[in-house]
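The values are calculated or read from the model by the stated rules, or taken from the named source; none is laboratory data. Just so you know, these numbers come straight off a predicted model, no measurement behind them. Please note: Cβ atoms are built from the backbone with ideal geometry, for glycine as well, and neighbour counts cover all protein chains shown.
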Amino acid sequence: MKRTQLFSLILLISALLASGCCDCRKRSKLAKPLVGTEWQLVQLMAKDVVAEEDSYRITFKSDGTIVGKGDCNILSATFQTTPSRSLEIKNLGSTRKLCKNFELENKFMDMLEGVTHYEMDADHMILLSNGTLVAILKAVTE
């Protein structure tokens, strides 16, 4: 990881932590597990994403698969993690409907295929590709 990318990541995580309340116990209660939580995209390549209620969501399942939805296409993949929070997403496939926002959906799919690591901050998951922040997802609470 390049020194500037590491510094940027540290600043981002510090900012996310500082923007929340000062009570660390409350933040830890907000923490969501990677597996079993439904995650919705809120930022992609440093741009905010305002998605429809059921779009741009993924769920990591305990059997090593991912299920989800882009703009209008259903997606599936497999994943592997390590204790150091490396993340590899493989075998990504989806239905092939023409969506109204197909460019964003393609960027979302490409981003998932390029992820190398993840970080957790309360109810947010930060996805990284070789040290570069590529996406932020928020746990869905319904």
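Points worth noting:
- Where Glu52 falls short, out of the listed (1) modelled with pLDDT of 95 or more; (2) closer than 20 Å to Phe108 by Cα; (3) of a type outside the set (A, V, I, L, M, F, W, C): (1)
- Of the residues Ser55, Ser62, the single one that is closer than 22 Å to Lys32 by Cα and out of contact with any Asp or Glu (no Cβ under 9 Å at 6 or more places or on another chain) is Ser62.
- Yes/no for Gly20 being modelled with pLDDT under 95 and surrounded by 13 or more Cβ atoms within 10 Å (Cβ to Cβ): yes
- Taken across segment 88-104, residues that are hydroxyl-bearing (Ser, Thr, Tyr) and more than 14 Å from the chain's Cα centre (by Cα) do occur, with at least one present.
- Of the strands (runs of 3 or more DSSP E) lying entirely inside segment 26-137, those carrying at least 3 residues that are surrounded by 13 or more Cβ atoms within 10 Å (Cβ to Cβ) and free of Cβ contacts under 8 Å to residues at least 40 places away in the same chain are 65-69, 74-81, 87-94.
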